[in-house]
Structures are given as structure tokens and as C-alpha cells.
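All remarks here apply to the structure that follows.
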Amino acid sequence: MKRWILMAGLMLTLIPEGLLAGQNGSDGSGDMVDAGKVVVTATMTEKRVADVPGAVEVITGQELIEMNAQTVADALAEATGLVVTTETGRQKRPSIRGTGNNHTLLLIDGRRLAAGFKDLLGLEQIPMDMIERIEVVRGPASALYGSDAIGGVVNVITKTPSRDLSMGLTAQYGQSIYHEGQEAIGSAYLSDTWGRLGMLLAGGYRDKDGYDRDGVPPDDGDDIEFGSGGGRISFDLNDHHRLLTGLEVVDRNAGGLRNIEQMDRQRDADDRRLNYFLEYAGHPTDLSSLMLRVNHSEHENDYDFDPPTSLIAGGIGDETHAQRRLDQAEGRFSGMFFSRHLVTIGGEYREEGREDDSGLDEDIDNLSAYLQDEIQVVDPLYLVLGVRWDDHSDFGSQWTPRVSMTYSILSHLRLKAGYGEGFRAPGFLELYVPTYMKCGKQVFEPNADLTPETSKSYEIGFEGEYRRFSGRVMAFKNSIEDMIEAVYYSSSGTGRSKKDYYQYQNIGDATISGVEAEWTLGLPMGFDLSGNLAYLDAENGDTGEELEGRPDYKGALKLAYHHADMGLKANVRVEYIGERYYADEPEDDVTLVHAYLSKQIMKNVMLFAGIDNIFDTGADSDIEPTFYYGGVSLRY
């Protein structure tokens, strides 16, 4: 299967233009849509993907439906050059271009969120109820977004109130091939506008049973209850100025059996999250825009064990109960000057804090300002220059510049290149809090002497469309100085009592380079073939050894079918994750195959069904076994 994916990727990347026929690209109906998608994350101004000077991927709401994504982790599983990893507390985190799970900034509508358990914002904690699309920017984005964006940005874009009445309801049920892991899901939304006032309400509930393949602790999957809700209220002051407020609420409980301190214990974890904001967005003139926003985010967790256990040896450090908060005020102005310069200037003040059972009560703040100039130098050349200044209360000031370009070689062929610098300040966890993973079998010790990471990144590539084919090939190199990694230094015990010890350290220089390829090909009779393939070479500059947890290859293929007259949509998806190096034991490569089918039976009623992990691979990892599901969706 691995050879098949690699060969298919290479063949599609090298298809001669003359062999392709039809119109520009395909979305299932023969029309190219990728280059025309509008994104905002890459430059903070609306841009077509074709014009953005860098690698950007848009996962649309329809694509989320057709992969049956129940979490943002599900939605990102097949994204180019992005690997979803399972971290402490079974939290899901993204790693873009091998930079690591702490180097990808997660946003909702450009808003930062408070961290979660062990200072990680898990992808499973972001509600799916109101998602319109997800934008993934690969490459350094610290020149706009500051700390944590060394690898890139994942920005979840939510819906706003609709102009006309719209509502929907979805219900589904599924279970694994072993008759475990039963899952019931329900979600609903309602939206309308009355004059200048708009409203959107959405919510969902998910109840998933645990499962265990071998009957030996830990359980392979937890019992999960997940409830979420959110809303938006908009008020149009006039045609050019709008107020928007909203919130997201999440309550997640996960319980399962763990073997801790040589005893089987029931672990019960509660995570509660609340986000709310108030925003003004307007156009002072036809060629300018202004945004002002205040944002609050908070997270609280409670972790219990039965029978009880000590805090440290129990595998959760001092976070039996912990609270985190983030307050953010920001503003930016964009305007056109001298007909060729689109200038964006902005600033942000952010304060973050946490309290936990150890007595830790810490606050940090960050003040920043940024400037960006998008220049249409000549008709084929589009240049973006940017720089940001951050002043961190614990680590001082940092400047992060960026320069990138798009050069139109032909009407449907573009050269894109860029250079950017980034930084990331150490988190509370790395500085102060011991972390226990894999039920305490891996101990990650903090280090109060850590210094911020800095990076220099380069990328260059080509992208274009020709009739029914679109594609992109991008090469990149990231040089990270003072990279923070959990470095293995010893083990104790044997068998089920074995523990591996790590400590967070600035390992010096790390070099991560690779090549990414993406393509979409419109086929006859309503079929589409799309895919991506990424090669990665990640090396510890001090030791010359491979960095842990980065797959050498990662790719995906999707064959999709769409018949509008019959109301049919279907796809088969192949997901490949290559071998990953770990100091104690490498993790084998894995290939997953999924399928989805939907049928519109009436104008407002759709039935759907699917199978995840058809061949039940990944039994030795945290990948779920073969899972069958089906449901109904009502829309008005």
C-alpha cells in the first residue's frame, strides 16, 4: 500500500499537461475551485488561494461532512504535511512540517484560546457545531501572529448569522467491528436575520462508549461525553459597519481504566471551556477596513482516580484541578495606498494565567505590534513584507520579519517563495509542571532554565491549474535554534513497571526540511481524484540523530464521486503515515482506508453512511478499529 501511494503521487505530480482535458479543475462537477477559494489567515486580508504567497489549504464545510469529521483532529487527519499526534491526557495536537505539536497556533476566527490540560489545547476540545471551513497555513506566521506559529497556523472559521431563516438537524449512530465503542451523535443549528439584527445558535452532543482490544489496562478508548454549544449575534450599524458577539461552551468528560502505580484505576477527566468575544468590523472607506476585538477564553479541568493515588506518581503531576485563562485585546487597520500598497497595521495585548493544586499561580503578558505591506510590484509580481514586535513579560522583546512573493509565470502557473522568522516562548508545562504520558510510563520533567526557541524558514515552489488538473509542489527548510524537546535520558524497571524519563531541554539547532505535493484531477463521469504527499527529514543538529515522532512520509488519496441528478456523493480515502523514530522503539508505518456515501432522498433530507479504517489496521497504536456509522441530516 505504501508503494502504491508513493507511486501514484509521483505519477500524478508528473502528468503532462497535454494529457489532460476539460475545464479548469474539478469540484465534482468539472469546475476548478481550489485556486479561487478565499482565505484570510495568511495575510489577515481576504485573498484567493492562488494569490497567497505561501502554502495554504482550505478544508471546506462540505469536505468536513464527507469525511464525517466529529472533531477538528478528524478534519486535519488528511491535511498536507500535517500530522495529528496524541499527547498526554489523550489530547490531539497538530504538527505542521515536522516542527512539533507546540509550534502550531490554533485559532477560532483569529482568536487565541486558553490552553488546556498540561498546557495543551487539544483539537478534540474545539466544537464543530458552527464551523464553516478550516484554513491551514503551512510555514512561519510569527510575523503576524507572534509566539507559537513557527510551523504554521490552523484557523477554524465559524459561520455568521444567515440572511434568511435556515436550520438543520443531524443524528447518527455507529459502533466498531468488535461491537464496542458505540457512538451516538446529535447536532442542530438555527439562524436568521431580522432587519439589522442577526442570530445563530448551534449545539451538539456526543456519547461514545469505551473499547479495549486486549482486555489489559489501559483501555484503548475512553467513555466520552461531549456537549457543546455556541452562538453569534450580529448588529449592522449600517451597510459598512457591524458589531458581532458570540461564545463557545464545551463540557467534555472522558473515563477509562489505567494501570498506575501497579494498580488498575478508573480515571475520570472533566474539561470545561468557555470562550466569548465582542468585535467591531467596518470599512471606513471603500479601500480600507478596521477591526477591533476583545476576547476572553478560560479552561478548567478536574481529574480523579478510583482508587485514589498520589498526585505525582499518579500520572497527572499537580493538575488534579487546574484553571487557565486568556484575555486578549487587539485591533488592526488595512488600507490601500498609492494604488499598489495594501498596508495592514495592528497591535495586540494578551494576558494569560493559570492556577493549579501545586500552589502555582502565574501570569504572563505580551504586548505586540505588527506592520505588513502587500505590494503589487508589477502585474506578475506580488510581494508581501511584514514584521512584528513582541514584548513578553518573562522573556523580553522579539522581532520577527517575513518576506514572501507570488510570481505569475503564466496565467495558470505561479512561482511562490518566502522567508520568515519565528519564535516560541516556553510554556508553563515545560518550565514548571511534570508531565506523565502513557499512564505514567513516560515521565517528562520540567526545566525552569529554558529559553525561547527561534526559527528561520525558507520555502519555494510552483502551483497551477490546467483544465481538470491543479497541483502544487513546495520545498521547505526550517532551522530552529534552541529548540525545546523532551530528551530521553534513562529508564527504570522492566516489563509493565518500566518507566522512561525525559527532560525538556533546549537541544540547540534542529533542521527540518522536506517536499510537499498536492493535486486534484477531474475525471469523467463525475469522479475526482485528489491527494497529497509530504517527505520530511528532521535532524537534531547537536547529535545528528533523527528527531522523534516525525514520519518520513505522510500522504493521502481520495477518489470522490458526485451525481447531482441522483443526489449521490461518495468517496474512498486512503491515509498513510510513515515510520516514526523514537529513542526506545520506532513506531511502524500505517495505512488507513475509509469510505463514505450519502443520498439526498428529498430536498431537505439526506441519508449517509460510512466505514472508517476498513481493514482494521493500527492495532498496536491509538488508532480506532474498524468503525461503521450511519445517520440522517435535515436541512431547511
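The values are calculated or read from the model by the stated rules, or taken from the named source; none is laboratory data. For clarity, every value in this text was computed on a predicted model and none was experimentally measured. As a convention, Cβ positions derive from the backbone with ideal geometry for all residues, glycine included, and neighbour counts pool all protein chains shown.
Considering the conditions (1) touching a helix residue (DSSP H, G or I) at 6+ places or on another chain (Cβ under 9 Å); (2) part of a strand (DSSP E or B); (3) aliphatic (A, V, I, L, M); (4) more than 30 Å from residue 51 (Cα to Cα), residue 367 is excluded by exactly one of them, (1). Beta carbons closer than 6 Å, at least 6 apart along the sequence or on distinct chains, pair a first residue in segment 471-483 that is within 13 Å of residue 542 (Cα to Cα) and modelled with pLDDT under 95 with a second that is assigned to a strand (DSSP E or B) and hydrophobic (A, V, I, L, M, F, W, C) for 480/510; 483/510. Scanning segment 482-500 for residues that are in contact with an Asp or Glu (Cβ under 7 Å, 6 or more places away or on another chain) and either loosely packed, with under 14 Cβ neighbours inside 10 Å or among the hydroxyl-bearing types (Ser, Thr, Tyr) (or both) returns 488, 491.
If the condition is being under 30 Å from residue 505 (Cβ atoms), part of a strand (DSSP E or B) and out of contact with any Leu (no Cβ under 8 Å at 6 or more places or on another chain), then segment 523-541 contributes 534, 535, 536, 537.
In segment 400-451, counting only strands (runs of 3 or more DSSP E) that sit wholly within it, the ones holding 2 or more residues that are basic (Lys, Arg) span 413-424.
Let's see how each residue does on (1) under 14 Å from the mean Cα position of the chain (by Cα); (2) farther than 19 Å from residue 296 by Cα:
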site	(1), (2)
83	yes, yes
96	yes, yes
101	yes, yes
110	yes, no
120	yes, no
139	yes, yes
143	no, yes
147	no, no
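How many of the residues in segment 497-544 are of a type in the set (S, T, N, Q) and closer than 26 Å to residue 59 by Cβ?
4
Right, residue 547: surrounded by 21 or more Cβ atoms within 10 Å (Cβ to Cβ) and either under 25 Å from the mean Cα position of the chain (by Cα) or closer than 23 Å to residue 172 by Cβ (or both) or not? Yes, satisfied.
Which residue, of 72, 83, is surrounded by 23 or more Cβ atoms within 10 Å (Cβ to Cβ), farther than 28 Å from residue 364 by Cβ and among the β-branched types (Val, Ile, Thr)?
Only one candidate passes the filter, namely 83.
Okay, residues lined up against (1) part of a strand (DSSP E or B); (2) crowded, with 16+ Cβ neighbours inside 10 Å; (3) at positive phi; (4) of a type outside the set (Val, Ile, Thr):
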{"site": "558", "(1), (2), (3), (4)": "yes, yes, no, yes"}
{"site": "570", "(1), (2), (3), (4)": "yes, yes, no, yes"}
{"site": "574", "(1), (2), (3), (4)": "yes, yes, no, no"}
{"site": "582", "(1), (2), (3), (4)": "no, no, no, yes"}
{"site": "591", "(1), (2), (3), (4)": "yes, yes, no, no"}
{"site": "594", "(1), (2), (3), (4)": "yes, yes, no, yes"}
{"site": "600", "(1), (2), (3), (4)": "yes, yes, no, yes"}
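Each row is one residue, and each column tells you yes or no for (1) touching a helix residue (DSSP H, G or I) at 6+ places or on another chain (Cβ under 8 Å); (2) surrounded by fewer than 21 Cβ atoms within 10 Å (Cβ to Cβ); (3) over 30 Å from residue 396 (Cβ atoms); (4) hydroxyl-bearing (Ser, Thr, Tyr).
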position: 143; (1), (2), (3), (4): no, no, no, no
position: 160; (1), (2), (3), (4): no, yes, yes, yes
position: 163; (1), (2), (3), (4): no, yes, yes, no
position: 167; (1), (2), (3), (4): no, yes, yes, no
position: 173; (1), (2), (3), (4): no, yes, yes, yes
position: 184; (1), (2), (3), (4): no, yes, yes, no
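Name every residue in segment 403-446 that is under 24 Å from the mean Cα position of the chain (by Cα) and among the charged types (D, E, K, R), in order of residue number. Selection gives 416, 421, 424, 430, 438. Has segment 488-503 got at least one residue that is within 25 Å of the chain's Cα centre (by Cα) and modelled with pLDDT of 85 or more? Checking segment 488-503: not a single residue is within 25 Å of the chain's Cα centre (by Cα) and modelled with pLDDT of 85 or more.
Tell me, please, whether a residue that is at pLDDT below 95, in contact with a Gly (Cβ under 8 Å, 6 or more places away or on another chain) and more than 18 Å from residue 170 (Cβ to Cβ) can be found in segment 597-615. No: zero hits. Checking the stated criteria, residue 410 turns out not to satisfy the condition of being surrounded by fewer than 17 Cβ atoms within 10 Å (Cβ to Cβ), under 23 Å from residue 482 (Cβ atoms) and either out of contact with any Lys or Arg (no Cβ under 9 Å at 6 or more places or on another chain) or at pLDDT 95 or above (or both).
Residue 278 fulfils the conditions (1) in a loop (DSSP other than H, G, I, E, B); (2) farther than 30 Å from residue 357 by Cα; (3) touching a Lys or Arg at 6+ places or on another chain (Cβ under 8 Å) except for a single criterion, (1). From the list 509, 542, 482, 552, the lone residue that is within 17 Å of residue 82 (Cβ to Cβ) and among the acidic types (Asp, Glu) is 552. If only residues of segment 40-63 that are free of Cβ contacts under 8 Å to residues at least 24 places away in the same chain and over 16 Å from residue 343 (Cβ atoms) are counted, the one that is surrounded by the most Cβ atoms within 10 Å (Cβ to Cβ) is 49. In this structure, does residue 166 turn out to be under 24 Å from residue 607 (Cβ atoms), in contact (Cβ under 8 Å) with a residue 40 or more places away in the chain and hydroxyl-bearing (Ser, Thr, Tyr)? Answer is yes for this residue. Residues in segment 257-271 that are under 25 Å from residue 325 (Cα atoms) and surrounded by fewer than 18 Cβ atoms within 10 Å (Cβ to Cβ): 268, 270. Look at segment 608-631: where a residue is without any contact (Cβ under 8 Å) to a residue 24 or more places away in the chain and a partner is part of a loop (DSSP other than H, G, I, E, B), sitting 6+ places away or on another chain with Cβ atoms under 6 Å, you get 613/626. Would you confirm whether or not segment 117-130 contains a residue that is on the phi > 0 side of the Ramachandran plot, among the charged types (D, E, K, R), crowded, with 22+ Cβ neighbours inside 10 Å and at pLDDT below 90? Looking through segment 117-130, at least one residue is on the phi > 0 side of the Ramachandran plot, among the charged types (D, E, K, R), crowded, with 22+ Cβ neighbours inside 10 Å and at pLDDT below 90.
The residues on offer are 370, 432, and the sole one that is among the hydroxyl-bearing types (Ser, Thr, Tyr), under 25 Å from residue 452 (Cβ atoms) and at pLDDT 95 or above is 370. The residues on offer are 460, 507, 512, and the sole one that is surrounded by 22 or more Cβ atoms within 10 Å (Cβ to Cβ) and aliphatic (A, V, I, L, M) is 512.
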